[in-house]
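The values are calculated or read from the model by the stated rules, or taken from the named source; none is laboratory data. The structure displayed is predicted, hence computed values, not measured ones. Ideal geometry is used to build each Cβ from the backbone, glycine not excepted, and the neighbour counts take in all protein chains shown. To get the accessible areas, we keep the full protein, side chains included, count just its heavy atoms, and leave off ligands, DNA and RNA. Shrake-Rupley method; radii C 1.70, N 1.55, O 1.52, S 1.80 Å.
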Amino acid sequence: MRKAKVIEFKSHLNSVELFESIKKNGSYPFFLDSGMDKEKLGRYSFMGIDPFLVIRSEGNKVSLEEKGTIKIVDGDPLDILKENLNLYKVESGKFPFVGGGVGYFSYEIAHLLEKLPNTVKKDLDIPEMVMGFYDGIVII
């Protein structure tokens, strides 16, 4: 397991202002904003750009994009995701999240988990799953 390197810095920007300033400087920006009470679950917000690995899937066709190279493989996207989550596992230390996978699963990914009738017309051209792996993030 890798250990996260933590670098602290001060900023006069709030989390939204900081995200607005960094998101335009890279690809696949994410912002996990903590709008909750800081004394409970809402202590930190997380943001990042430029994942070192992006996994996309459509059915059992999975693309892995790393350093500008795209590799297409056939397989269960959830198994491939699990392999990469284990491969790039990071010890979080005092923060609940310091890097790893951030992305989304579409509703259609449920067809990989159980037999369901396929009655929906695909009207959006988006992957069923996209997951970016980040090795550097900002925690506020």
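Annotations for the structure displayed:
- Residue with peak Gaussian network fluctuation, the chain [Cα springs, cutoff 10 Å], from Lys67, Lys24, Lys121: Lys121
- Extension gain (nm, one decimal) between Ile72 and Phe9, 0.36 nm per residue minus Cα-Cα: 18.8 nm
- What the stretch 2-139 shows is 70 Å² of accessible area per residue, with the surface traced by a 1.4 Å probe over protein heavy atoms.
- Label-point gap, in nm, between Glu114 and Glu20 - each point 7 angstrom along Cα→Cβ: 4.4 nm
- Using the Cβ-Cβ distance between Leu32 and Glu83 with R0 = 25 Å, the FRET efficiency computed as 1/(1 + (r/R0)^6) comes to roughly 0.60.
- Accessible surface of the stretch 2-139 [probe 1.4 Å, protein heavy atoms]: carbon and sulfur percent: 53 percent
- Choice from Asp125, Asp50, Asp79 with maximal GNM fluctuation in the chain (Cα, 10 Å cutoff): Asp125
- Counting only aspartates and glutamates at least 8 places from Lys23 when in the same chain, those with an alpha carbon closer than 12 Å to its own are Asp50.
- Residue pairs exceeding 23 angstrom between C-alpha atoms, taken from Lys67/Lys89; Lys89/Lys115; Lys61/Lys122; Lys5/Lys94: Lys89/Lys115.
- Under Karplus coefficients 6.51, -1.76 and 1.60, residue-wise ³J(HN,Hα) of the stretch 123-130 in Hz, glycine/proline x: 10, 10, 9, 10, x, 6, 8, 9
- Couplings for the stretch 99-104, taken from phi via the Karplus curve 6.51 cos²θ - 1.76 cosθ + 1.60 with θ = phi - 60°, read x, x, x, 9, x, 9 Hz in order; Gly and Pro are left as x.
- Structure remark: mean-square fluctuation, Gaussian network model of the chain, C-alpha springs under 10 Å; the largest value among Glu17, Glu66, Glu83 belongs to Glu17.
- Over the stretch 2-139, all Cα pairs binned in 5 Å intervals from 0 give whole-percent P(r) values of 2, 9, 16, 19, 18, 15, 11, 7, 3, 1, 0, listed from short to long.
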